[in-house]
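Okay, so here's the structure we're looking at.
The values are calculated or read from the model by the stated rules, or taken from the named source; none is laboratory data. Here the structure is a predicted model, which is why all the values come from computation and not from measurement. Glycine also receives a Cβ, built like all others from the backbone with ideal geometry; neighbour counts cover every protein chain displayed.
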Amino acid sequence: SNVRKSAFVKSSTRVVDCPPDALPEFALIGRSNVGKSSLLNSLTSNDRLAKVSREPGLTKLINHYIINDNWHLVDLPGYGFAKAGKNNREEWLRFTKDYFISRENLVSVLLLVDSSVPPQPVDKQCADWLAECEVPFCIVFTKIDNRKRDMPTNAQNIRAFKQAMAEEWEELPRCFETSSRTGAGKSELLGYIASLREM
Ligand code: GDP
């Protein structure tokens, strides 16, 4: 499951502009600032990868990266519903739903959740929404190294998030605990991706 090679493919503003859907792909989503770019760089051991396509402004882009010449990692726009307001939220849902529904080669979504803050309702809503749309996904807790002073520990935040999900669901999705700083959880996550690609 090692990443030997990684490269930026293209940025698309619409699903129809995405690269052909011939390769299995895995899509990263999460709140803005959750550590999505850092995780992408960490998974690929390529510190400059995520920056290649970064554009200023509020442009919503679907960024495709090709890994080992045979699968795609996809960076979808971050969400931040609280600040952004209802219209922005609906726009994000419409934009990403279109992607989820039309990408036949989408194997699994990686929903990133910041473990250094208490559970955020918007992340739970996003998980509920993915389950409703029957999109396969796992949860990737980020920044497990990032302990905030006078705050609940990351382990407590993670436990609380899982408890909130367990209240409604019979079965929890696969969960990973990661840090892009220390590399924690990286091989487990790459192992998960490899196991699904081989199915
Ligand atoms: P994005 O907006 O989701 O792409 O998030 P970034 O990858 O740009 O990261 C947002 C901020 O969180 C940056 O200041 C990163 O340095 C920091 N960050 C990301 N991942 C980690 C991590 O694993 N540990 C710690 N301590 N900080 C992180």
Checklist entry - Looking at (1) within 13 Å of the ligand (Cβ to nearest atom); (2) in a helix (DSSP H, G or I); (3) modelled with pLDDT under 95; (4) among the polar types (S, T, N, Q), which is the one condition that is false for SER42? => result (3)
Checklist entry - Which residue out of GLN125, GLN120 is closer than 29 Å to THR13 by Cβ, surrounded by 15 or more Cβ atoms within 10 Å (Cβ to Cβ) and polar (S, T, N, Q)? => result GLN120
Item to check | Test result for LEU93, closer than 30 Å to VAL16 by Cα and touching a residue at least 40 places away in the same chain (Cβ under 8 Å) | outcome: no
Checklist outcome for this item: Only unsatisfied item for SER179, checking (1) under 15 Å from ILE29 (Cα atoms); (2) out of contact with any helix residue (DSSP H, G or I) (no Cβ under 7 Å at 6 or more places or on another chain), is (1)
